[in-house]
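One structure is given below, encoded as structure tokens.
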Amino acid sequence: MSENKQNIPIAKPWIGEAEAEAARRAIISGWVTQGPEVFGFEQDFAAYVGAKSACAVSNCTTALHLALLAVGVQPGDEVITVSHSYIATANSIRYCGAIPVFVDIEPQTYNINPILIEDAISDRTRALLVVHQMGMPCDLKAILDIAHSHNLPVIEDAACAIGSEILWDGQWEKIGKPRGDIACFSFHPRKLITTGDGGMLTTNNPEWDKQFRLWRQHSMSVPDTVRHAAKQVIFESYPTLGYNYRMTDIQAAVGREQLKRLPELLQHRRYLAQRYQENLADIPGLKLPTEAVWARSNWQSYCVRLPEGCDQLQVMQVMLDAGISTRRGVMCTHREPAYDHETWSCGIAQQKCDCERGQCDRLLESEQAQDRTILLPLFHQMTEQEQDYVVQVLKIACQP
Ligand SMILES: *Cc1c(COP(=O)(O)O)cnc(C)c1O
């Protein structure tokens, strides 16, 4: 295989001259933060997902923090979420001084299992933070039914899910059109579109949107744009504690160009995912990701579960030796040293969880998913030949 040796990354942003030109435009304009490009990006983004408003921030982690604060999460509260996610999800809960209550996932979708939510609700539960993991929509309908019956707000961690869709009353809707209360997106290079770093909050609630805009700028009472245009001297004030969670105009200008690429990007990713689906179907025991009839993934990551008896590390090494980058499945936050005993619970209502770090009887599917799945390369510029090569090497690597 060595003469065949390639260099296939796991992911790669699709970004180029148009973005470079846009960044130049922002720089040359002399207005480089919280100006017209940020405003324009917010308008474009809200229109794309179908939300009343969108507020740009520095990244998705800060977006999640503000979303949790907006729905009233306070120190000592519990927020129901998943361990099986990038650590940012649970970290944002801890930034509020609250406790993440981890619920296990469904083995097919790698998303929160709605059946298990009810049991995790206690009188300290303040919100649900659900993830559309790897771009696959979670079962929002079922989740909202439970949340509404307990009067709990739902925040969507849509970091990976720009362009993903969900069937609602017979219509396909974009994730981010608020069905939950607030959705949070990421523009890190590992996601579909990027601004280097960046985040966005969408909601239909104008009060929350106003609050986000204050918080991202230290709660300063007068925005830069207003002060700049004012004919009279105005002094700003800082009525409440805020943050510096701003996005720059250089980033936003790039984001607007990225958004224009999104339809083509989605179409091609769906094509490549379909191709994986067909070409991997005959590997015995390999489990491929599937969309529910009401879900359309953007295929931010293509995750396969390895056949029984097939070692994850070994498969990944064989692939790497052949010049193919893979990643192991999504992490489990509860297994990290930063999550010691006191910081989380696994949802036995009113009780402290007594699972060991690294192993929790109630999070077995999450742990299995981390240990038994790998992510395959998928990016816009990937050729069919490269994809065929990945399939060919995986077939060899999976042989017992
Ligand atoms: C990437 C990611 C985040 C964090 O996004 P940043 O923009 O890097 O802060 C949060 N949640 C999930 C599920 C992610 O994949």
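For the structure I just gave you, tell me whether Gln258 is among the polar types (S, T, N, Q), part of a helix (DSSP H, G or I) and more than 22 Å from Glu106 (Cα to Cα). Can you show your working first?
Values: among the polar types (S, T, N, Q): yes; part of a helix (DSSP H, G or I): yes; more than 22 Å from Glu106 (Cα to Cα): yes.
Considered against the rule, which asks whether it is among the polar types (S, T, N, Q), part of a helix (DSSP H, G or I) and more than 22 Å from Glu106 (Cα to Cα), Gln258 comes out as yes.
In the list His150, His218, which residue meets the criterion of being more than 16 Å from Arg246 (Cβ to Cβ), without any contact (Cβ under 8 Å) to a residue 60 or more places away in the chain and more than 15 Å from the ligand (Cβ to nearest atom)?
Sole residue among the options that is more than 16 Å from Arg246 (Cβ to Cβ), without any contact (Cβ under 8 Å) to a residue 60 or more places away in the chain and more than 15 Å from the ligand (Cβ to nearest atom): His150.
Test each condition in (1) farther than 30 Å from Pro9 by Cβ; (2) of a type outside the set (D, E, K, R); (3) open to solvent by 80 Å² or more (accessible area, probe 1.4 Å) for Pro337 and report the one that comes out false.
(1)
Restricting to region 55-69, name every residue that is more than 12 Å from the ligand (Cβ to nearest atom), surrounded by 23 or more Cβ atoms within 10 Å (Cβ to Cβ) and farther than 15 Å from Arg246 by Cβ.
Leu68 - this is the single residue of region 55-69 that is more than 12 Å from the ligand (Cβ to nearest atom), surrounded by 23 or more Cβ atoms within 10 Å (Cβ to Cβ) and farther than 15 Å from Arg246 by Cβ.
Quick grid of which residues meet (1) within 16 Å of the ligand (Cβ to nearest atom); (2) assigned to a helix (DSSP H, G or I); (3) of a type in the set (Lys, Arg):
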| residue | (1), (2), (3) |
| --- | --- |
| Gly72 | no, no, no |
| Asn91 | yes, yes, no |
| Val101 | no, no, no |
| Tyr110 | yes, no, no |
| Asp145 | no, yes, no |
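Residue by residue through region 261-310, note down the ones that are of a type in the set (A, V, I, L, M) and within 20 Å of the chain's Cα centre (by Cα).
The answer is Leu262, Leu265, Leu266, Ala273, Ala292, Ala295, Val304.
Please determine whether any residue of region 179-187 is in a loop (DSSP other than H, G, I, E, B), within 15 Å of the ligand (Cβ to nearest atom) and either within 16 Å of Leu68 (Cα to Cα) or modelled with pLDDT of 95 or more (or both).
yes
Do we have any residue at all in region 204-212 that's of a type in the set (Phe, Trp, Tyr), within 16 Å of the ligand (Cβ to nearest atom) and more than 30 Å from Pro9 (Cα to Cα)?
Within region 204-212, one or more residues are of a type in the set (Phe, Trp, Tyr), within 16 Å of the ligand (Cβ to nearest atom) and more than 30 Å from Pro9 (Cα to Cα).
Being in a strand (DSSP E or B) and either of a type in the set (Ser, Thr, Tyr) or surrounded by fewer than 18 Cβ atoms within 10 Å (Cβ to Cβ) (or both) is the filter; apply it to region 160-172 and report the residue that is farthest from the ligand (Cβ to nearest atom).
Narrowing region 160-172 to residues in a strand (DSSP E or B): 165-168, 171-172.
Add one more test, that the residue is either of a type in the set (Ser, Thr, Tyr) or surrounded by fewer than 18 Cβ atoms within 10 Å (Cβ to Cβ) (or both), and what stays is 167-168, 171-172.
Numbers: Leu167: 22, Trp168: 22, Gln171: 26, Trp172: 22 Å.
Looking at the filtered set, the residue picked out is Gln171.
Determine which single condition Ala47 fails, assuming it passes every other condition in (1) surrounded by 14 or more Cβ atoms within 10 Å (Cβ to Cβ); (2) without any contact (Cβ under 8 Å) to a residue 40 or more places away in the chain.
Ala47 satisfies all of (1) surrounded by 14 or more Cβ atoms within 10 Å (Cβ to Cβ); (2) without any contact (Cβ under 8 Å) to a residue 40 or more places away in the chain except (1).
The values are calculated or read from the model by the stated rules, or taken from the named source; none is laboratory data. Quantities reported herein were computed from a predicted structural model and do not represent experimental measurements. Note that each Cβ is placed from the backbone with ideal geometry, even for glycine, and that neighbours are counted across all protein chains shown. Surface areas here come from the heavy atoms of the whole protein model, side chains and all, with no ligands, DNA or RNA. Shrake-Rupley method; radii C 1.70, N 1.55, O 1.52, S 1.80 Å.
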